[in-house]
Amino acid sequence: MFVKLTQKLERGFMPWKEMYFENEQTLKELGGHLVFAGSEKDDDNTMHVIIKFDSPEAMKAFAGHEELKAKRAAAGAILESTVVTVLSSDSFTSS
């Protein structure tokens, strides 16, 4: 299942990007796989992320992982601004 996250950042995209690479393995262990992450061209404090989760349970495990929440917040993510959109099961990727 694919999920789109939109979130505000306090300190721009780079601190969040560094945090992601430091914690990428944890996301994978929870059943999540980053497809895309980036900020808007004219607003480095608005981020969009696409994550593929192995299951709804994997998404719940990620959402409830307190240590990752704390690390994301420390990297400047404004957690209460997060908008989560579950995408259609007809979603696909192409390389």
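The values are calculated or read from the model by the stated rules, or taken from the named source; none is laboratory data. Owing to the predicted nature of the structure, the values given are computational and were not obtained by experimental measurement. A quick note on method: Cβ atoms are made from the backbone with ideal geometry, for glycine too, and the neighbour counts reach across all protein chains shown.
Looking at segment 55-86 only, could you name the residues that are touching a residue at least 24 places away in the same chain (Cβ under 8 Å), part of a helix (DSSP H, G or I) and either surrounded by 14 or more Cβ atoms within 10 Å (Cβ to Cβ) or not acidic (Asp, Glu) (or both)?
Across segment 55-86, the qualifying residues are Pro56, Ala58, Met59, Ala61, Phe62, Leu68, Lys71, Arg72, Ala74.
Restricting to segment 4-46, and then to whatever is of a type in the set (A, V, I, L, M) and within 9 Å of the chain's Cα centre (by Cα), can you tell me which residue is nearest to Gly64 (Cα to Cα)?
Start the filter on segment 4-46 by keeping residues that are of a type in the set (A, V, I, L, M), which leaves 5, 9, 14, 19, 27, 30, 34-35, 37.
Among the residues that remain, those that are also within 9 Å of the chain's Cα centre (by Cα) are: 5, 34, 37.
Numbers: Leu5: 15, Leu34: 17, Ala37: 20 Å.
Checking each candidate, the answer is Leu5.
Inspect segment 26-44 for any residue being of a type in the set (S, T, N, Q) and not in a strand (DSSP E or B) and give the result as yes or no.
Looking through segment 26-44, at least one residue is of a type in the set (S, T, N, Q) and not in a strand (DSSP E or B).
Could we say that Lys52 is touching a strand residue (DSSP E or B) at 6+ places or on another chain (Cβ under 8 Å), buried (at least 16 other Cβ atoms within 10 Å of the Cβ), more than 21 Å from Glu80 (Cα to Cα) and modelled with pLDDT of 95 or more here?
Yes: the conditions hold for Lys52.
Within segment 18-37, track down each residue that is under 13 Å from Met47 (Cβ atoms) and either of a type in the set (Gly, Ala, Ser) or loosely packed, with under 15 Cβ neighbours inside 10 Å (or both).
Matches in segment 18-37: Leu34, Phe36, Ala37.
Say we look at segment 66-95 and pick out the residues that are touching a helix residue (DSSP H, G or I) at 6+ places or on another chain (Cβ under 6 Å) and of a type outside the set (A, V, I, L, M, F, W, C); which of these is farthest from Gly12 (Cα to Cα)?
Lys71
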